[in-house]
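The values are calculated or read from the model by the stated rules, or taken from the named source; none is laboratory data. Keep in mind the model is a prediction, meaning the values are calculated, not measured. Positions of Cβ are generated from backbone atoms using ideal geometry, with glycine treated the same way; all protein chains shown enter the neighbour counts.
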Amino acid sequence: MTHTAAPTAPVTPLRMRRALAGSPTGTAVVAAEVDRRGVGLSADSFTSVSLDPPLVSVSFAHSSTSWPQLRRAARWGISVLGERHADTLHDLRRPSRERFGGIDVGVVAGAAFVQGALATLTVELVTEIPAGDHVLTLLRVLDLSRDDAQRPPVFFDSGARRLAD
């Protein structure tokens, strides 16, 4: 094992963001219908937790204006975006009231989904765990589906990329 000198610069949010931008992730949209309006946001923190029971997690920043609204919904939809949705990432960065304008979204029992997504999951909140400047949510999966013909875009270095064979 090779030992290196300890880092000399403090770990700042900017340095943390830059370092983690080198770790590719998929992109999911977490959404629900609240007060007859679509509420949601993109989540690159979406991850599988358990197969039995079926659990996933997503983290939300305390500064998010969508999170307080979303947590009011009994069920959420998680849409794992496919390559055809690579341009949708830009739209999801708009202010919350404009976020879903121009994005085809369907609602089933309060859970909202991006139409044509690579995979969809219907989830309900199990618990919230404080985690620094975020809240980590543990979610029970109630239903799910996947379109095996699609491929995902990969979010890397703050942008969508395509997988190479």
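At a glance:
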| item | result |
| --- | --- |
| Residue check, Leu51 hydrophobic (A, V, I, L, M, F, W, C), within 20 Å of Leu142 (Cα to Cα) and without any contact (Cβ under 8 Å) to a residue 12 or more places away in the chain | yes |
| Filter result for Pro153 (within 24 Å of Leu20 (Cβ to Cβ) and touching an Asp or Glu at 6+ places or on another chain (Cβ under 6 Å)) | yes |
| Residue selected from the range 96-140 under the condition assigned to a loop (DSSP other than H, G, I, E, B) and either touching a residue at least 40 places away in the same chain (Cβ under 8 Å) or polar (S, T, N, Q) (or both), by the criterion farthest from Val80 (Cα to Cα) | Asp133 |
| Complete set of residues in the range 41-60 that are out of contact with any Ser or Thr (no Cβ under 6 Å at 6 or more places or on another chain), surrounded by 13 or more Cβ atoms within 10 Å (Cβ to Cβ) and either at positive phi or in a loop (DSSP other than H, G, I, E, B) (or both) | Phe46, Pro54 |
| Conditions (1) closer than 15 Å to Val30 by Cα; (2) modelled with pLDDT under 90; (3) not aromatic (Phe, Trp, Tyr); number of the one not met by Gly101 | (1) |
